[in-house]
Amino acid sequence: MNNSTPNQETNFFELNIKGLKIPDLSTAKQLTAKLSNEPGTVGLVMPMNYDLQLAIKQGLCDEDGFGKKYLYMQSLYRKAFEGWLLESTNLKDFDSQLKSSDLSFAPIPEDQQSFYQFYSTLDLHFIYLCSNIPIERLNADDLTLLQSKVESGKADISPELTEMVKRTFSDVLMAYPGKGDDVLCGYGYGGDISPNRSVVLEINNYNFDEKGNFRDVSNNAAREEFMEKLAEDMKNTLSEQIGHRVIVQVGY
């Protein structure tokens with residue numbers, strides 16, 4: 001076993017890996033920023049469960065916050081996990097149900113998307129992962145594997161990487177390691193709560209036209225009812241397919 005932390009010799013600022021989409025550094029700093037106490041302000045992610053001090057200890061970043069090294073490794077983990085999720089479940093079918101519905105669901109424009117949807121690699125119209133991915137929870141061997149893949153300059157997902165993600169996602173994606181599996185935790189800022197150890201997805205729909213007005217108001221209630229039923233079906237089907245609790249939130 002390799003008990004050393006990944007080395008930091010690679011100049012990650014020079015990397016530009018096709019197939020990996022990472023936040024800019026100013027955005028990345030908000031992943032560990034404390035919430036403002038001013039009314040009406042929110043943080044970039046919820047729950048606020050990234051552990052900067054652990055990431056520093058693991059050799060993934062410094063006191064300035066998450067840099068490109070962390071972000072590329074995290075993005076590769078996300079791509080591997082979401083790729084496995086697509087291959088192992090009926091996610092695409094559920095997304096297609098929304099796209100083909102006669103209720104006229106509309107995808108959220110890119111400039112209106114949440115952090116989670118914008119950086120999703122699922123390539124779906126309405127569904128995205130809402131769980132954070134604190135890779136600092138991985139052990140040294142798993143981090144070394146991630147780093148070596150990033151250093152290769154390619155975003156290909158190897159069987160070895162997929163197996164690592166399958167083995168670790170339950171611990172990496174859970175809200176808080178120090179809490180019980182069934183403790184309810186907040187996800188997002190719509191008041192949604194989910195069990196601590198769960199994979200949290202969200203389905204969303206854009207209710208505005210190009211002028212910013214509510215569109216097709218007469219169908220709003222029907223669309224909400226459709227999404228709620230779909231979310232319940234997704235939760236049950238996906239949980240069974242991956243052998244792990246999946247929660248599906250509905251955004252409005």
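Residues in region 107-129 that are of a type in the set (Ser, Thr, Tyr) and outside any loop (DSSP other than H, G, I, E, B): Tyr116, Tyr128. Regarding Gln117, is this residue under 17 Å from the mean Cα position of the chain (by Cα), modelled with pLDDT under 95, surrounded by fewer than 17 Cβ atoms within 10 Å (Cβ to Cβ) and polar (S, T, N, Q)? No, not satisfied. Between residues in region 241-252 that are farther than 13 Å from Arg197 by Cα and residues that are outside any strand (DSSP E or B) and basic (Lys, Arg), which pairs lie under 8 Å by C-beta distance while being six or more apart or on different chains? Matching pairs, first to second residue: Val248/Lys235. Filtering region 139-157 to residues that are closer than 12 Å to Arg78 by Cβ and not in a helix (DSSP H, G or I) leaves Ala155, Ile157.
Pairs meeting the criteria (first residue in region 101-118 and free of Cβ contacts under 8 Å to residues at least 40 places away in the same chain, second residue surrounded by fewer than 15 Cβ atoms within 10 Å (Cβ to Cβ), beta carbons under 8 Å, at least 6 apart or on different chains) are Phe118/Glu110.
The residue list Glu160, Glu136, Glu202 contains one member that is among the acidic types (Asp, Glu), in a helix (DSSP H, G or I), surrounded by 16 or more Cβ atoms within 10 Å (Cβ to Cβ) and touching a helix residue (DSSP H, G or I) at 6+ places or on another chain (Cβ under 8 Å), which is Glu136. Of Asp102, Asp123, Asp62, Asp111, all but one fail to be loosely packed, with under 15 Cβ neighbours inside 10 Å and within 17 Å of the chain's Cα centre (by Cα); the exception is Asp123.
The values are calculated or read from the model by the stated rules, or taken from the named source; none is laboratory data. Remember, predicted model here, so these are calculated numbers, not experimental data. A quick note on method: Cβ atoms are made from the backbone with ideal geometry, for glycine too, and the neighbour counts reach across all protein chains shown.
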